Structures are given as structure tokens and as C-alpha cells.
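Before any comments, here is the structure.
The values are calculated or read from the model by the stated rules, or taken from the named source; none is laboratory data. Given the structure is predicted, the values throughout are model-derived calculations rather than measurements. Cβ placement follows ideal geometry from the backbone for every residue including glycine, while neighbour counts extend to all protein chains displayed.
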């Protein structure tokens, strides 16, 4: 019997909400998720809070596949979440741009509890898109 995988993507709104070289924080099911767009246009998503001093990574410097925490300059790889110290890392999430929308995928989280609200803003209304493969 073939195994069916259900992946649920959360629509965070317009991809234009994140300018090149910047990040933006979204509240997703009670946790802060930072979505970054490098200057080359590549998108990444991580936990927003730095594990060292809870700095807002969405406000950090972004480039070369890394984000630098604005509080204490710790760096994190945006692809893997690895930090400068073996015990300091952040979770990463898959994010894609489809038809001008940002779609975020959260693994191991119940679809029934997912909600997204842009941090400090109410301008985006999220919806959920389910994909079966």
C-alpha cells in the first residue's frame, strides 16, 4: 500500500511584503516565524527569536545565506539554522513564492491549530492550502 503524504502550506500573503535584503516576522500558531528575502530574491524562514538573548532575527542583517542577530551579532545559517555555537541553532521552515503569495510549510504541527498574522500588523488575511502528494 502506498503511503500518502499530506503537506499543508500556510498563505502568509503577498510576497511583496518582504523587500530584497530584509526580513519580516509573522505570528504562526502562537510562535514567531521570520521570513527573509535575500538580495538575490531567495526566500528563507526560521524561528524569529535568537536562542541566545531572544533577539528578533527578522530585524537582523540578511545576506550570503545568513542572518546576523541585531542584539549580539550571532550568525545563523538560513538553510540549516546552525549557529556559531553547537548548542545555538534555530529551526528552519520551507517557504515558497507561488503566484505572488508566500507559502510557509510547518512540519509536525497540527493543521487545525495553524493561524498566521503578520507581526505588529493586521494587513494580511491568511488562508491555508492543502497539497496531497
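Of all the residues in segment 52-67, those that are farther than 14 Å from residue 34 by Cα and part of a strand (DSSP E or B) number 1. Restricting attention to segment 50-67, the residues that are in contact (Cβ under 8 Å) with a residue 40 or more places away in the chain and touching a strand residue (DSSP E or B) at 6+ places or on another chain (Cβ under 8 Å) total 4.
Of all residues in segment 25-43, those being buried (at least 23 other Cβ atoms within 10 Å of the Cβ) and at pLDDT 95 or above number 6. Selection of segment 89-104 for residues being within 23 Å of residue 55 (Cα to Cα), out of contact with any helix residue (DSSP H, G or I) (no Cβ under 8 Å at 6 or more places or on another chain) and crowded, with 16+ Cβ neighbours inside 10 Å yields 89, 92, 93, 95, 104. If you filter segment 68-92 down to residues that are part of a strand (DSSP E or B), within 15 Å of the chain's Cα centre (by Cα) and in contact (Cβ under 8 Å) with a residue 24 or more places away in the chain, you find that the one that is nearest to residue 42 (Cα to Cα) is 92.
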